[in-house]
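**Student:** Attaching a single structure in structure tokens format; questions to follow.
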Amino acid sequence: WHYKITWNPKNIIMAGKDGAVYKKDKAIINIDYKDVFAHGQPIKINSLAPMAWYPNRDSLKYIDLYNLHSVDTFLRTTLRYPSFCIGWNYFVHLGLTDVDDHYIVQNSKSFSDWFTAKQALQQDVGAEDQTLITELENFLDINRTSSLPASANCSADVIQYLFEEKLNMEPSDKDMIVMLHEIEFTRNNKNYKTTSSLIVKGLENGRTAMAKTVGLPLGIAAELILDNKISLKGVQIPVHKDIYLPALKRLEEEGIIFNEKTEEIG
């Protein structure tokens, strides 16, 4: 799966449930949950192995936040490795993330019974790489004959149990956070593209990049407030220069750095 759990596992299982909506070439595009992971597109970021992105929920609300009403395309995405998107797309179509199929789980004595029942309901499910799908299923040991966990009330609970069992972080594991911004614009009748990328790798024994990239900005913001270096009052989000400029400077000292480049494009 090329994935390990470093945050709320329930959110991982529920990813894409709300579908996606974004703006592309001035048109509003709506994607149903069943199709979110089928839209995973390959992308290469620096020297990393090829990754894939899928549209992440409602991108349109960020247009107001950043005052970008004149843009033709605005899309917020999530990055995964291609095999994850292929496998999760198959799981979604097979109904393995369903939250309202209590009767199937309650009437299944084992993982094998449950998996067989779900397959029987979805005869038209295709897979773009059946060999890969089989490997992903085998890694989770999804077709085992042991009893389902007593806490499982629906298929989503079963999948979460398998993920927490098989994709849990081990003491020797190291995670990685990857972020990429791509901005295309025109200036003086020439087209340009600016890319800003962030790659942060965690350390062993639970000192994860996820914890670092979430915790350090909060800690730095608290220090800036205590040192009276932020004059804004009330509840704020970090889209103000008074917040993000000093915060980004401090984050660089911790190895959290965005690498930016701009190039002319055709």
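**Student:** Hey, L68 hits all of (1) touching a Lys or Arg at 6+ places or on another chain (Cβ under 6 Å); (2) modelled with pLDDT under 95 but one; which does it fall short on?
**Tutor:** Going through the list (1) touching a Lys or Arg at 6+ places or on another chain (Cβ under 6 Å); (2) modelled with pLDDT under 95, L68 breaks only (1).
**Student:** Another question, then. Can you pull out the residues in region 128-149 that are assigned to a loop (DSSP other than H, G, I, E, B) and either open to solvent by less than 40 Å² (accessible area, probe 1.4 Å) or modelled with pLDDT of 90 or more (or both)?
**Tutor:** Answer for region 128-149, where residues must be assigned to a loop (DSSP other than H, G, I, E, B) and either open to solvent by less than 40 Å² (accessible area, probe 1.4 Å) or modelled with pLDDT of 90 or more (or both): D141, I142, N143, R144, T145, S146, S147, L148, P149.
**Student:** Among residues belonging to region 1-50 that are part of a strand (DSSP E or B) and at pLDDT below 95, point out the one that is nearest to the chain's Cα centre (by Cα).
**Tutor:** Selected residue: I5.
**Student:** Moving to a separate point now. Based on what the data block shows, is I86 part of a helix (DSSP H, G or I) and modelled with pLDDT of 90 or more?
**Tutor:** Judged against the criteria, I86 is a match.
**Student:** Do you know which residues across region 63-86 are aromatic (F, W, Y) and under 17 Å from the mean Cα position of the chain (by Cα)?
**Tutor:** Y81, F84
**Student:** Further question on the same structure: Output the qualifying pairs, or none if there are none: Cβ atoms under 8 angstrom, residues six or more apart or on different chains, first residue in region 65-94 and in contact (Cβ under 8 Å) with a residue 12 or more places away in the chain, second residue among the basic types (K, R) and open to solvent by less than 50 Å² (accessible area, probe 1.4 Å).
**Tutor:** These pairs meet every condition: V71/K23; D72/K23; T73/K23; F74/K23; L75/K23; W88/R80; L94/K118.
**Student:** Any residue at all in region 87-100 that's aliphatic (A, V, I, L, M), within 20 Å of I5 (Cα to Cα) and more than 17 Å from the chain's Cα centre (by Cα)?
**Tutor:** Yes: region 87-100 contains one or more residues that are aliphatic (A, V, I, L, M), within 20 Å of I5 (Cα to Cα) and more than 17 Å from the chain's Cα centre (by Cα).
**Student:** Right, another one. Filter region 160-209 down to the residues that are hydroxyl-bearing (S, T, Y), within 19 Å of Y3 (Cβ to Cβ) and open to solvent by 60 Å² or more (accessible area, probe 1.4 Å), then identify the one that is modelled with the lowest pLDDT.
**Tutor:** S172
The values are calculated or read from the model by the stated rules, or taken from the named source; none is laboratory data. Worth saying up front: this structure is predicted, and the values here are computed from it rather than measured. Glycine also receives a Cβ, built like all others from the backbone with ideal geometry; neighbour counts cover every protein chain displayed. Each accessible area value is taken on the protein alone, full model and side chains, heavy atoms only, with ligands, DNA and RNA left out. Shrake-Rupley method; radii C 1.70, N 1.55, O 1.52, S 1.80 Å.
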